[in-house]
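> The structure follows.
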4 protein chains.
Amino acid sequence: MRFFSDNAAPACPEVLAALSAANQLDTAYDGDRWSQSLDSRLSELFETEVRALWVPTGTAANCLALAALCQPHGGIVCHREAHIQNDECGAPEFYTHGAKLMLAEGPGAKLTPDAIEAVVGRIRDDVHQVQPHAISITNATEYGLVYAPQEVAAIGALAKERGLGFHMDGARFANAVVHSGASPADLTWRAGVDALSFGFVKNGGMSAEALVFFKPELADASEYHRKRAGHLLSKGRYLAAQILAMLDGDVWLRNARAANETAAMLADAAGERLVYPVEANEVFLKASAEEAAHLRGLGFDFYDWAPGEVRLVVSWDQDADAVRPLADAIRAL
Amino acid sequence: MRFFSDNAAPACPEVLAALSAANQLDTAYDGDRWSQSLDSRLSELFETEVRALWVPTGTAANCLALAALCQPHGGIVCHREAHIQNDECGAPEFYTHGAKLMLAEGPGAKLTPDAIEAVVGRIRDDVHQVQPHAISITNATEYGLVYAPQEVAAIGALAKERGLGFHMDGARFANAVVHSGASPADLTWRAGVDALSFGFVKNGGMSAEALVFFKPELADASEYHRKRAGHLLSKGRYLAAQILAMLDGDVWLRNARAANETAAMLADAAGERLVYPVEANEVFLKASAEEAAHLRGLGFDFYDWAPGEVRLVVSWDQDADAVRPLADAIRAL
Amino acid sequence: MRFFSDNAAPACPEVLAALSAANQLDTAYDGDRWSQSLDSRLSELFETEVRALWVPTGTAANCLALAALCQPHGGIVCHREAHIQNDECGAPEFYTHGAKLMLAEGPGAKLTPDAIEAVVGRIRDDVHQVQPHAISITNATEYGLVYAPQEVAAIGALAKERGLGFHMDGARFANAVVHSGASPADLTWRAGVDALSFGFVKNGGMSAEALVFFKPELADASEYHRKRAGHLLSKGRYLAAQILAMLDGDVWLRNARAANETAAMLADAAGERLVYPVEANEVFLKASAEEAAHLRGLGFDFYDWAPGEVRLVVSWDQDADAVRPLADAIRAL
Amino acid sequence: MRFFSDNAAPACPEVLAALSAANQLDTAYDGDRWSQSLDSRLSELFETEVRALWVPTGTAANCLALAALCQPHGGIVCHREAHIQNDECGAPEFYTHGAKLMLAEGPGAKLTPDAIEAVVGRIRDDVHQVQPHAISITNATEYGLVYAPQEVAAIGALAKERGLGFHMDGARFANAVVHSGASPADLTWRAGVDALSFGFVKNGGMSAEALVFFKPELADASEYHRKRAGHLLSKGRYLAAQILAMLDGDVWLRNARAANETAAMLADAAGERLVYPVEANEVFLKASAEEAAHLRGLGFDFYDWAPGEVRLVVSWDQDADAVRPLADAIRAL
């Protein structure tokens, strides 16, 4: 049984059905009826006027957002362990034409105003130093921690005070919404977020993420940038259709809730072994090499994360029956 | 009936079936069984060792190829009406970090060694002028003309003599193979091509193109560049599966043959009205504004291309019965 | 006697004297008294509030200006034979992060609103095509023609109407001011120019050009970009001092007047041989290979420009006595 | 008396004299006799065949070097407090098209193989992470420490083993040569360095630094990049002449020796107050706010560096008599 990554999971049935339903002649690029309805559908969800672009990857969503918020000579404050810093092969630098990521600290890859100030405050205000233009946080974080609306808002206030753009990498935004119980609006623009990478792929999608601009005018240049980056698919309706299918009937929340719940089963089993509280669908576990080998011997696959630490990720499609054997095995360690 | 673009057509059934078949847990990114078999499958097709990367758009394929063949301070010779120059919003400049497109002339967007020499030959060999690093041709061209293998080889010889990289934009490569009767190998690497953007989307695919490197070592940096550009999809198996499904049983040739044949029906009906010989699935037609309006009045949709000229594109899924009414209407003009 | 280029000439005595005078301890970068007085000195000259940055080359001035006026996904309309297109090795593409130069036509490298419209007017207003963001003209042009204020203003009006930035490459701005008799203000911002590369090096300077922003706020980002491009010299006072020395007592006009006058001597001698009217310090002459060889045999050096055409450039330091022998030799051909 | 920066000092008389001597007609750009002799003159100094480019700033030298050694998708290991990281406004990212600086630790801004390994060793070898392509060290460091030849060689061995390029920022290379007593060759290419930013400006130059490639072929692309970056001055002879004037008669060593010696006077006076050993011309001193104010009251100017810490820099032109009063004042604190 694999607990490597939610990227390894299949797409959910609603997504496949939507692809079939969209498999008809329509206008190319984003002129089709599905793409054309994204703005209004997401404006409704977020209770404000937004503009949204589909893209095939979270990296594209993140980096188009960052390029919209940061000039080439600026900097983006993010956590030292942020996905944009560690796992995108320099894509932010490519899209922003060389902006600098400014690395802040915090347990569980979570930022606070103080952590950001510790980075920003020591930058001299002169042309010799890269000046900060934006902040990027990940919600849920790379370690599965969830920012509550007030935590986001505290950072949003700092961003506003300092005139910085504010981006949220929401590769696991659905898990964060479910855990926090907050509305999508409260977790984003009402807390000062300017642009959200709204992830679907890790949550049962196939190949579509939404880049949501809460300042709609930011989308103007971003639409050109998306094209210029090769991310305007000629049959874009198949991306829009995936997103719409997951919004319909709150499939996105259903999938995330499922994953959060099974992760909670593992957390419960893990007890003192937990490295971080489990708030989304990732479980970081203290386990010796022998214990990890033992679990693998039982047929469970996962990544070693650090010495004495392993990472388990559950996906939308792994139900309680599928996860219980692992929970039992952890408890029995 | 729509004759706007082959991008507007649906995906063929084999592609949808392949998505369903691939909808199971596997390794993320390109570690899955489908992605892993691309190199060998395409090496077989091209009768030589190649390395291939899937990407979601032709623009991504083109521009990753160009970046592999041209340094930022170099230039790429292409036709004045090439897709990379006119329809990709500066994506080549983005991916190559500012290389310059050097525009050559030729009827039907087709290049010849002489046309290329006319551009390259007037460049002073000093650091003040951008030096050419690569040539890019489109086969079939933006006007539906097909390069025969010996035409490609003549350009390939020039490229070799001048030490230039050689890229082929094969958004409609299948149509070119069908029309020329040449083998994929003869039309590409045996004629000196270093990298091919092998198009599937216009030919019945959904969201996958293949970037094929005939100099396999070029893929080393390109794999990083793909990631860095946000084109390494986390569930890449759904792209690889599309390509494999279209290679299996020569679906790609079947689809292209169908489109070429119905385009030929239109060409036959058009007679003297043709602006260019019809060799692929595009038909450029002289038609007055009144004639165009008349055709539209009959229910046919298409683009005006230039004053007194319209463009008709047929797709893999438009069979003889579907196209005949338009052919008849053109004949009756 | 050399008539290759005004870049080959020495610096004028006032410039050398200024270097000596500035050779004392002061604040680094542009914090010194010379650099700090540039804005006011140039504001006075241009009769409006400007902000000015010194840079060591015209290419740096041009490209910082273009980057301030054009986003990476935009285009810059310039003449097919503009220096920025042909002689800067792609520097505009480097500084703008890949903006596209859009080439317009016109005799003597001179643009008109019609010529610009011919380029801009055929661009589709969609994300697939690079949209124009700016216009760049060279005054005097690469062929030594001078735009009159009303000619600049006509282009300025078009720029304003279309929302385009407007840059003037003034590598030989002094020659243009002298020839036109117009005030620096009339030739630039009153005619709609946003940024001027104000050249000194070809006109007797050593290593300093001024980038003048008539929209002062454009300098904000440009100051960072200058640093980022490595053009903020740590001992910047030596650049500022050169510029100030050439503005003092109108040395810049004296030098340009001298060069224009001796060029006029050559023009007078050339008569029917002139390819273009001589309005600045460049003379393009019809001359057979034999005639060119004959002149070289007499000790005159110059560039062949095109078959049957040579280019002669006179510099600030070549007085009537120095140029008369060439004039006589041309007359005697 | 100012101890702010060696950038604030004037140019030495030999440099000014060289400018006057070079003030004659010659070939533009780098075709003149001074520029043409740089390669051989520096090859002689370094006892091996080198190619050298003059540039007006250390930032330009550093970043052209880094771009020659690191592809856009790669990384450059440098110290957290390196000038390229902290004081060049992202110029390395601009010139390399977005390469990532990878920050290593070490007292006094000095790197060791272990410190580099600590950064490089934790990078996964996959396309998701930026891979290291180059190492950059500063000699003397930003805190005035000098790498001995064997210390450079240890890093050079690591670079070779891992296939990394190796750059030395030698803004104060002269001070390092003087302090170490090593030959320029032993301190660079014999220790594995591929490219050196050979600084002259801080050491009594006016506006010229040399970029020295010990792998001559690296200069091929770099010459285009220099032009493209606007750093090929049209009257380049004035830069080459400065460099040659400082190499002649070992003016560069004389100047550096003078500065090192007066810095040593300060170090001697400072005793226990020193933050780092003084090996070049920078002195970092523990001093309370009151003590700093006291020194300033006596007429000495300098930067506060950190709480309780000030930086004093002496220049080539400050002799023992000029520095003694400060030494006495420090001793008397």
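The values are calculated or read from the model by the stated rules, or taken from the named source; none is laboratory data. A quick note: this is a predicted structure, and the numbers were derived from the prediction, not measured. Neighbour counts run over all protein chains shown; Cβ positions are idealised from the backbone, glycine included. Please note that ligands, DNA and RNA were not included when accessible areas were found on the heavy atoms of the full protein model with its side chains. Shrake-Rupley method; radii C 1.70, N 1.55, O 1.52, S 1.80 Å.
> Within the group D:169, D:194, which residue is within 14 Å of chain C (Cβ to nearest Cβ) and either at pLDDT below 95 or more than 21 Å from residue D:249 (Cβ to Cβ) (or both)? Step through it out loud before you land on a result.
Working: D:194 fails: within 14 Å of chain C (Cβ to nearest Cβ).
Every option except D:169 fails the conditions.
> Does residue B:254 satisfy the condition of being open to solvent by less than 10 Å² (accessible area, probe 1.4 Å) and either of a type outside the set (S, T, N, Q) or over 18 Å from the mean Cα position of the chain (by Cα) (or both)? Explain how you work it out, then say what you get.
On the way: open to solvent by less than 10 Å² (accessible area, probe 1.4 Å): no; either of a type outside the set (S, T, N, Q) or over 18 Å from the mean Cα position of the chain (by Cα) (or both): yes.
Taking the combined requirement at face value, the residue does not satisfy it.
> For residue A:127, are the conditions met, namely being in the same structural domain as residue A:52 (by TED's automatic domain parsing), over 18 Å from residue A:85 (Cβ atoms) and either free of Cβ contacts under 8 Å to residues at least 24 places away in the same chain or out of contact with any Phe, Trp or Tyr (no Cβ under 9 Å at 6 or more places or on another chain) (or both)?
It is true that residue A:127 is in the same structural domain as residue A:52 (by TED's automatic domain parsing), over 18 Å from residue A:85 (Cβ atoms) and either free of Cβ contacts under 8 Å to residues at least 24 places away in the same chain or out of contact with any Phe, Trp or Tyr (no Cβ under 9 Å at 6 or more places or on another chain) (or both).
> Continuing with the same structure: Determine which member of the set A:93, A:142, A:105 is buried (at least 24 other Cβ atoms within 10 Å of the Cβ) and of a type in the set (D, E, K, R). Break it down stepwise before answering.
Numbers: A:142 fails: buried (at least 24 other Cβ atoms within 10 Å of the Cβ); A:105 fails: buried (at least 24 other Cβ atoms within 10 Å of the Cβ).
From the options A:93, A:142, A:105, the qualifying one is A:93.
> So which helices (runs of 4 or more DSSP H) stay within the range C:221-325 end to end and still have 3 or more residues that are of a type in the set (D, E, K, R), more than 27 Å from residue D:207 (Cα to Cα) and not assigned by TED's automatic domain parsing to the domain that holds residue C:107?
On the way: elements: C:237-247, C:251-270, C:289-297.
The qualifying helices (runs of 4 or more DSSP H) are C:251-270, C:289-297.
> So which helices (runs of 4 or more DSSP H) stay within the range A:1-106 end to end and still have 3 or more residues that are modelled with pLDDT of 95 or more and either of a type in the set (Phe, Trp, Tyr) or under 30 Å from residue B:2 (Cα atoms) (or both)? Spell out how you get there, then give the answer.
Working: elements: A:13-21, A:33-36, A:38-46, A:58-69, A:83-86, A:91-95.
Correct list: A:13-21, A:33-36, A:38-46.
> Looking at B:333, B:295, which one is open to solvent by 40 Å² or more (accessible area, probe 1.4 Å), among the hydrophobic types (A, V, I, L, M, F, W, C) and over 26 Å from residue C:123 (Cα atoms)? If you could, list the steps in order and put the result at the bottom.
Values: B:295 fails: open to solvent by 40 Å² or more (accessible area, probe 1.4 Å).
From the options B:333, B:295, the qualifying one is B:333.
> Please find, among C:40, C:35, the residue that is touching a strand residue (DSSP E or B) at 6+ places or on another chain (Cβ under 8 Å) and more than 12 Å from every other protein chain (Cβ to nearest Cβ).
Numbers: C:40 fails: touching a strand residue (DSSP E or B) at 6+ places or on another chain (Cβ under 8 Å).
From the options C:40, C:35, the qualifying one is C:35.
> Taking residue B:187 as the residue in question, decide whether it is touching a residue at least 60 places away in the same chain (Cβ under 8 Å), part of a loop (DSSP other than H, G, I, E, B) and not hydroxyl-bearing (Ser, Thr, Tyr). Break it down stepwise before answering.
Working: touching a residue at least 60 places away in the same chain (Cβ under 8 Å): no; part of a loop (DSSP other than H, G, I, E, B): yes; not hydroxyl-bearing (Ser, Thr, Tyr): yes.
Answer is no for this residue.
> Go through C:151, C:209 for me and flag whichever is farther than 17 Å from residue C:256 by Cβ, modelled with pLDDT of 95 or more and acidic (Asp, Glu).
On the way: C:209 fails: farther than 17 Å from residue C:256 by Cβ.
From the options C:151, C:209, the qualifying one is C:151.
> Here is a list: A:192, A:204. Which entry is assigned by TED's automatic domain parsing to the domain that holds residue A:158, in contact with a helix residue (DSSP H, G or I) (Cβ under 6 Å, 6 or more places away or on another chain) and within 25 Å of residue A:68 (Cα to Cα)? Even if it seems obvious, please write down each step before you answer.
On the way: A:204 fails: within 25 Å of residue A:68 (Cα to Cα).
Unique residue meeting the criteria: A:192.
> State yes or no: is residue B:47 on the phi > 0 side of the Ramachandran plot and away from chain C (no Cβ under 14 Å)? Break it down stepwise before answering.
Working: on the phi > 0 side of the Ramachandran plot: yes; away from chain C (no Cβ under 14 Å): yes.
Against the criterion (on the phi > 0 side of the Ramachandran plot and away from chain C (no Cβ under 14 Å)), residue B:47 qualifies.
> Quick check on my filter: what residues within the range A:268-283 are crowded, with 23+ Cβ neighbours inside 10 Å and more than 13 Å from residue A:176 (Cα to Cα)? Steps first, please.
Looking only at the range A:268-283, we keep the residues that are crowded, with 23+ Cβ neighbours inside 10 Å, and these are A:278-283.
Answer for the range A:268-283, where residues must be crowded, with 23+ Cβ neighbours inside 10 Å and more than 13 Å from residue A:176 (Cα to Cα): just A:283.
> Being within 11 Å of another protein chain (Cβ to nearest Cβ), open to solvent by less than 20 Å² (accessible area, probe 1.4 Å) and among the small types (Gly, Ala, Ser) narrows it down to one residue among C:17, C:22; which is it? Talk me through it step by step, then tell me what you get.
On the way: C:17 fails: open to solvent by less than 20 Å² (accessible area, probe 1.4 Å).
Every option except C:22 fails the conditions.
> Restricting the search to the range D:79-102, which residues are more than 9 Å from chain A (Cβ to nearest Cβ) and of a type in the set (D, E, K, R)?
Selection gives D:80, D:81.
> Pull up the range B:274-303, narrow it to residues that are modelled with pLDDT of 95 or more and acidic (Asp, Glu), then point me to the one that is farthest from residue B:254 (Cα to Cα).
Result: B:290.
> Among the listed residues B:116, B:76, identify the single one that is crowded, with 19+ Cβ neighbours inside 10 Å, under 30 Å from residue D:68 (Cβ atoms) and either in contact with a Phe, Trp or Tyr (Cβ under 8 Å, 6 or more places away or on another chain) or within 14 Å of chain C (Cβ to nearest Cβ) (or both). I'd like the intermediate steps shown before the answer.
Values: B:116 fails: either in contact with a Phe, Trp or Tyr (Cβ under 8 Å, 6 or more places away or on another chain) or within 14 Å of chain C (Cβ to nearest Cβ) (or both).
Answer to the selection: B:76.
> Within the range B:190-206, can you find the residues that are assigned to a loop (DSSP other than H, G, I, E, B), free of Cβ contacts under 8 Å to residues at least 60 places away in the same chain and open to solvent by less than 10 Å² (accessible area, probe 1.4 Å)? Walk me through how you get there before you give the answer.
Initially, the range B:190-206 is screened for residues assigned to a loop (DSSP other than H, G, I, E, B), giving B:192-194, B:199-200, B:204-206.
Then drop every residue that is not free of Cβ contacts under 8 Å to residues at least 60 places away in the same chain, which leaves B:192-193, B:200.
B:193, B:200, listed by residue number.
> So which residues in the range C:137-159 are outside any helix (DSSP H, G or I), within 18 Å of residue C:190 (Cβ to Cβ) and either of a type outside the set (Ser, Thr, Tyr) or in contact with a helix residue (DSSP H, G or I) (Cβ under 6 Å, 6 or more places away or on another chain) (or both), if there are any at all? Give the steps one after another, and end with the answer.
At the first step, the residues of the range C:137-159 found to be outside any helix (DSSP H, G or I) are C:137-148.
Now restrict to residues that are within 18 Å of residue C:190 (Cβ to Cβ): C:137, C:139, C:146-148.
Matches in the range C:137-159: C:137, C:139, C:146, C:148.
> Please find, among D:241, D:256, D:219, the residue that is within 27 Å of residue D:69 (Cβ to Cβ) and within 14 Å of another protein chain (Cβ to nearest Cβ).
On the way: D:241 fails: within 27 Å of residue D:69 (Cβ to Cβ); D:256 fails: within 14 Å of another protein chain (Cβ to nearest Cβ).
After ruling out the rest, the residue left standing is D:219.
> Looking only at the range A:300-330, which residues are out of contact with any Phe, Trp or Tyr (no Cβ under 7 Å at 6 or more places or on another chain), within 14 Å of chain B (Cβ to nearest Cβ) and open to solvent by 30 Å² or more (accessible area, probe 1.4 Å)?
A:316, A:317, A:319
> While we're on this one: Could you identify the single residue in C:8, C:28 that is closer than 30 Å to residue C:285 by Cα, within 11 Å of chain D (Cβ to nearest Cβ) and of a type in the set (Gly, Ala, Ser)? Don't jump to the end; show me each part of the working.
On the way: C:28 fails: closer than 30 Å to residue C:285 by Cα.
Only one candidate qualifies: C:8.
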